[in-house]
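Presented below is the structure to which this report refers.
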Amino acid sequence: MEKIIVRGGQRLNGTVKVEGAKNAVLPVLAATLLASDGKSVIRDVPTLSDVYTINEVLRNLNAEVAFDNNTVVVDASRVLKEEAPFEYVRKMRASVLVMGSLLARNGRARVALPGGCAIGSRPIDQHLKGFEAMGAKVKVGNGFIEAEVDGRLKGAKIYLDFPSVGATENIMMAATLAKGTTVIENVAKEPEIVDLANFLNKMGANVRGAGTGTLRIEGVDVLFGADHNIIPDRIEAGTFMVASALTCGNVLVQGAVPEHLSSLIAKMEEMGVTIIEEGDGVRVIGPEKLKAVDIKTMPHPGFPTDMQSQMMALLLRAEGTSMITETVFENRFMHVEEFRRMNADIKIEGRSVILNGPSNLQGAEVTSTDLRAAAALILTGLVSEGNTRVTELKHLDRGYVNFHGKLASLGADIERVKEAEEVFPEVKSYITDLNA
Ligand SMILES: CC(=O)N[C@H]1[C@@H](OP(=O)(O)OP(=O)(O)OC[C@H]2O[C@@H](n3ccc(=O)[nH]c3=O)[C@H](O)[C@@H]2O)O[C@H](CO)[C@@H](O)[C@@H]1O
Ligand SMILES: C=C(OP(=O)(O)O)C(=O)O
């Protein structure tokens, strides 16, 4: 079993560079399936397990995919298959994002139902509602969702009940090749939506309004491969910003785009952290004492749910009582119990968490429950007494490239180790028998 071991007590210092955004590259790669002519070249792609998974999904659908030197080249000009199997969707829910492209290109898509997830039930009803409004028939059965349209999708007026990031992306992709105009209201405004719209427009699509609450898409007959650089990862940037503030450090986070991080910057400044725009990034200087603040996660430009657990780590060091309210996912507090194992004074009350700080944090063996929780537990280890051992690193590898290496380069006392797993001899022979 792999573990990250952190010994607390070091102030972080230096420069760290952020990668391309995971949550931008996944929909962009799904969108490459829309090009029936020419290759797409996607640059600044992070070497994350989620990227390898989406590449496998694309290959399985008969696209040609090469990934080298942070660049993915996709040729989707051959006839595409229509099925994304459960083995991929189970590993990564964003696999459902191929549905809009497949439906638009093939008139048919069959994608395994994603099922539950550690942060909530995460239904995709809003994606399906959009496809249906564009004329698709949607059927759910045997663990799959099947969507089919007779001929071409038709432009439609769609109102999302919630500004879902995935539904906005999936419907936007489907609408690019639909006949006529699609207007989607109450859409997500995240920077990753804007990045996807920019890529689609480079492919020949006509998408307007990205970054506002309404998208207007005039359908076109054909889309072409295009060249695109992925935007920097605002969540990875935010994670290193918190790391610096937490350890009373002084770190330049290169590639952090302040406009993408305004809610986080505002909250960190309220806590007493100094944040200075410098070059193409931000410098974060952590104070000796942090002030308690209240936080409520919201769709962009509100405070991002993907920074909730890292911010919780920071608030453990703040003086006074803080409250974090999670409004985006109904169950994104699994990390709270792990923080308690590290002696955090923290409790859950409904959809909120109350923290009484500063906690006298102590290292412990803790389990990552999702990718951001993994990062948050490692950050907490940086300011805990003794050793913190963080397990279930498969979550971390979905969203962070060489996280421990980057922290070590800033002066953290951290290593990633592989420890032999204890297997009882009786069980071992049983496994051998089974494999015989
Ligand atoms: C790959 C990717 O980009 N993932 C991000 C994306 O996930 P994702 O696209 O899954 O998130 P959504 O914005 O769709 O989900 C937000 C909320 O809406 C609900 N919902 C969503 C769709 C739907 O059809 N019905 C429905 O009820 C979800 O259960 C959740 O409670 O946005 C989230 C919210 O910023 C981020 O935390 C994820 O990191
Ligand atoms: C929840 C996240 O991602 P996903 O939607 O891919 O699970 C995340 O990036 O924090």
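Bear in mind that the values in this text are calculations on the coordinates, not laboratory data. Note that the coordinates shown come from a computational prediction; the quantities given were computed from them, not determined experimentally. Positions of Cβ are generated from backbone atoms using ideal geometry, with glycine treated the same way; all protein chains shown enter the neighbour counts.
Report the one residue of Ile193, Ala174, Leu153 whose Cα lies farthest in the direction of the positive end of the charge dipole of the range 131-261 (charges on C-beta: Lys and Arg +1, Asp and Glu -1; origin at the Cα centre).
In the range 131-261, that residue is Leu153.
Using Cα pairs under 8 angstrom and six or more residues apart, how large is the relative contact order of the chain, in percent?
Rounded, it is 21 percent for the chain.
Taking the Cα centre of the range 92-175 as origin, sum charge times position over the Cβ atoms of Lys and Arg (+1) and Asp and Glu (-1), and report the length of that vector in debye to the nearest 20.
160 debye
Could you give the spread of the C-alpha atoms of the range 180-235 along their three principal axes, from largest to smallest, in whole angstroms?
Sorted from largest, the Cα extents of the range 180-235 read 36, 29, 10 Å.
Once the range 218-279 is represented by equal point scatterers at the alpha-carbon sites, with solvent omitted, what log10 I(q)/I(0) does the Debye formula produce at q = 0.12, 0.24, 0.28 Å⁻¹?
Ignoring solvent entirely, the Cα scatterers give -0.40, -1.03, -1.34.
Sort the range 185-296 into rounded, prolate or oblate with this rule: let a ≥ b ≥ c be the square roots of the eigenvalues of the Cα gyration tensor; rounded if a/c is under 1.5, and if a/c is not under 1.5, prolate when a/b is larger than b/c, oblate otherwise.
Prolate, because a/c is 1.5 or more and a/b exceeds b/c.
If you line up the Cα atoms of the range 122-196 on their principal axes, what length do they span on each, largest first, in Å?
34, 30, 20
Largest first, please: the extent of the C-alpha atoms of the range 381-422 along each principal axis, to the nearest Å.
31, 25, 13
With a cut-off of 8 Å between alpha carbons and a minimum separation of six or more residues, what is the relative contact order of the range 162-221 in percent?
In percent, rounded to a whole number, it is 43.
Ratio of the range 1-154's C-alpha Rg to 2.2 N^0.38 Å, to two decimals?
1.20
Quick one: net charge of Leu61's neighbours, Cβ under 9 Å, K/R +1, D/E -1?
Cβ neighbours under 9 Å give a net charge of 0.
Counting alpha carbon pairs within less than 8 Å and at least 6 residues apart, what relative contact order, in whole percent, applies to the range 299-428?
Relative contact order of the range 299-428: 21 percent.
Convex hull over the alpha-carbon atoms of the range 346-387: what's its volume per residue in Å³?
With only Cα atoms used, the range 346-387 gives 84 Å³ per residue.
Suppose only helical runs count, i.e. DSSP H with n ≥ 4. What mean residue ellipticity at 222 nm does that imply for the chain under -39500 (n - 2.57) per run, divided by all residues and rounded to the nearest 500 deg cm²/dmol?
-9500 deg cm²/dmol
Among residues other than Thr15 whose Cβ falls under 12 Å from its Cβ, what is the net charge (Lys/Arg +1, Asp/Glu -1)?
Residues close to Thr15 contribute a combined charge of +1.
Provide the three semi-axes, in whole Å and in decreasing order, of the ellipsoid equivalent to the range 215-352 as defined by the square roots of 5 times the Cα gyration tensor eigenvalues.
31, 21, 12
Roughly how compact is the range 1-68, stated as its Cα Rg over 2.2 N^0.38 Å to two decimals?
Normalised by 2.2 N^0.38 Å, the Cα Rg of the range 1-68 equals 1.54.
Once the piece of chain linking Thr15 and Lys347 is laid out straight, how much longer is it, given 0.36 nm per residue of separation minus the C-alpha distance between them?
116.0 nm
In whole angstrom, how far apart do the alpha carbon centroids of the range 57-119 and the range 269-314 sit?
That distance is 34 Å.
Using 7 Å Cα-to-Cβ label points, what is the Glu270/Asp221 separation (nm, one decimal)?
Modelled inter-label distance: 5.4 nm.
Could you identify which residue out of Val273, Val366, Val220 has the top mean-square fluctuation in a GNM of the chain using Cα springs shorter than 10 Å?
In this elastic network of the chain, the residue with the biggest mean-square fluctuation among Val273, Val366, Val220 is Val220.
In the structure shown, do any of Lys3/Lys267; Lys291/Lys406; Lys17/Lys291; Lys22/Lys202 have a Cα-Cα gap over 25 Å, and if so which?
In this structure, Lys3/Lys267; Lys291/Lys406; Lys17/Lys291 lie more than 25 Å apart at Cα.
Would you mind counting up the charge near Ile295? Only other residues with Cβ under 11 Å from its Cβ, with Lys and Arg at +1 and Asp and Glu at -1.
Net charge in that neighbourhood comes out at -1.
Work the Kirkwood hydrodynamic radius out for the range 103-246: mean of 1/r over every pair of different alpha-carbon atoms, inverted, in Å.
Hydrodynamic radius (Kirkwood, Cα pairs) of the range 103-246 is 16.2 Å.
The range 246-323: D in µm²/s via Stokes-Einstein (Kirkwood Rh, Cα pairs, 37 °C, 0.692 mPa s)?
Answer from the Stokes-Einstein relation: 256 µm²/s.
Test of understanding: what is the full-extension gain from Asn250 to Asp280, defined as 0.36 nm times their sequence separation minus their Cα-Cα distance?
Stretched out fully, the Asn250 to Asp280 stretch lengthens by 9.2 nm.
What FRET efficiency do you get for Thr212 and Lys296 if R0 is 30 Å and r is their Cβ-Cβ distance, rounded to the nearest 0.05?
0.85
Cut-off under 16 Å on the C-alpha distance; same-chain residues fewer than 8 positions from Lys157 excluded. Which lysines are left, in chain and number order?
The reachable lysines, counting only those whose Cα sits under 16 Å from Lys157, are Lys129, Lys179.
What FRET efficiency do you get for Asn201 and Gln362 if R0 is 56 Å and r is their Cβ-Cβ distance, rounded to the nearest 0.05?
0.60
Can you tell me the alpha carbon radius of gyration of the chain divided by the globular rule-of-thumb value 2.2 N^0.38 Å?
Relative to the rule-of-thumb radius for its length, the chain sits at 1.01.
Can you give the Rg/Rh ratio of the range 286-404, where Rg is from the C-alpha atoms and Rh is the Kirkwood radius?
0.94
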